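The block underneath contains the structure these notes are about, expressed in structure tokens.
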Amino acid sequence: MKILHLLATLDPRAGGPTESVRQSGIEMVSMGHEVEVASLDAPNAPFIPAFPLPTHALGPTHRNYGYTPLLVPWLHKHAPDFDAVVINGLWQYLGFGAWKALRDLDVRYYVFAHGMLDPWFKHAYPLKHLKKWLYWPWAEYRVLRDARAVLFTTEDERFLARQSFWLYRANERVVSFGTSAPPANAAHLREQFWMTYPALKNKRLILFLGRIHPKKGCDLLIRAFAKVANLDNAAHLVIAGPDSTGWMTTLKALAEELGIAHRITWPGMLRGDLKWGAFYASDAFILPSHQENFGIAVAEALACGVPVLISSKVNIWREVQADCAGFIAQDTIAGTEQNLRRWLALEPILRTQMGTQAVKTFNSRFTVQAMAKDFLNVLQADLTGLPHASGSSTASVSPSKS
């Protein structure tokens, strides 16, 4: 098959959608398929040459909505060359422009929601939600309605999506999601991380790795850690990731106020060997997020044998809990504190057992191979008119049922 992914940006700092397209695309190419990506980036964006798939940069764009006059004509010309077009994400011109270009062409398109229909956003940002309502009936509603399928990565994400807007209609599919296995040279990568951050050696590291964003609950983590830090003097937080909102200054001030600034390291965004070294050097991974449709970093931690301490708003929490690969709590200060206390009090042999189970959970549930195969099953079944054979859920939801 020949597949075109549409993305707002290929910037690795953007997180989940970009990383999932990168990893699944590489896997599909290894299976003999052709995968290309069109984005709204400027052609001279510095991260374009490093992207491992053929790319078409149709920017630059103007303002946050990401409008570019090149998108629709380019799709009119090139989209018929592909078996399927996949729109990754919502709330930018990318989706509406694709709908305008593809609705009159004999081209099947799909929408990967990537958690962007979660009702948490309307409660957390009511003014933004009101703004979205102004163009929902004319843009995003039509994009979802006319897609061959709207793809979700968990049942929780699918059900939550129905709660954001009453005018909602979609042919829903739930497909597997996953990530690539980590490098196997754990000892070398761990030592490389410690050589870069020697003060962290012999510490009991609790790692947060992701965007520094209010959605991720970083403030909850700092406040909760302040309550448990005296339980183990070796316990140390590593909060790694890009500061996407300028929030880090406030968080560092909070840590100073609570007297734990010396117990937190802020290495910024970690990539490549340093990222994997951070996982392998860590005692546990933590994500007290308020909303997470999957959480690639959670799967990466599991793959490295690192148990995870996550909130029940991370939509793979049921799988983690069922497999005893970590601890689950509410996305509150008390919930985050509970996860930390349970972990710090756990006997060493039980920590080791949980780490072993973490790898088993990754291998059985969250590999990129499973994601690619399930996604291709959806596309191939749709092209041949056969039922989706992977066992994933499907449903067509109209406004009267939402």
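Readers should treat all values here as calculations from the given coordinates under stated rules, not as data from a laboratory. Just so it is clear, the structure is predicted and the values come from calculations on it, not from any experiment. Glycine also receives a Cβ, built like all others from the backbone with ideal geometry; neighbour counts cover every protein chain displayed.
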Task: Helix-only [θ]222 nm of the chain, DSSP H runs n ≥ 4, -39500 (n - 2.57) each, per residue, nearest 500 - done: -12500 deg cm²/dmol
Open item on the list: Classify segment 319-361 from the C-alpha gyration tensor, please: rounded if a/c falls under 1.5, else prolate or oblate depending on whether a/b exceeds b/c.
Closed with: oblate
- [ ] Please tell me which of these pairs span more than 22 angstrom C-alpha to C-alpha: K131/K252; K77/K131; K100/K215; K2/K373?
- [x] K131/K252; K77/K131; K100/K215
- [ ] Mind putting together the pair-distance distribution for segment 219-350? All Cα pairs, 10 Å bins, whole percent per bin, short to long.
- [x] 12, 44, 39, 5, 0
Task: Distance from segment 92-165 to segment 4-81 (C-alpha centre basis), Å - done: 19
Task: Ordering of 214-224, 56-66, 362-372 by burial proxy (mean other Cβ atoms within 10 Å per residue, highest first) - done: 214-224, 362-372, 56-66
- [ ] Report, ordered by chain and residue number, the aspartates and glutamates lying within cross-link reach of K132, taken as a straight Cα distance under 18 Å and ignoring same-chain residues fewer than 8 apart.
- [x] D118, E140
Open item on the list: Can you give me the distance in nm between label points at Y67 and K201, each placed 7 Å from the Cα along the Cα-to-Cβ direction?
Closed with: 5.7
TODO: Multiply the residue separation of L383 and T249 by 0.36 nm, subtract the distance between their alpha-carbon atoms, and state the gained length in nm to one decimal.
DONE: 43.2 nm
Open item on the list: Need the full-extension length gain, L231 to R103, defined as separation in residues times 0.36 nm minus the C-alpha distance. One decimal, nm.
Closed with: 40.1 nm
Task: Extension reserve of the R351-H78 stretch, reckoned as 0.36 nm per residue once the Cα distance is removed - done: 93.0 nm
TODO: Go ahead and run the numbers for FRET between N44 and R318, Cβ-Cβ distance against an R0 of 41 Å, rounding to 0.05.
DONE: 0.40
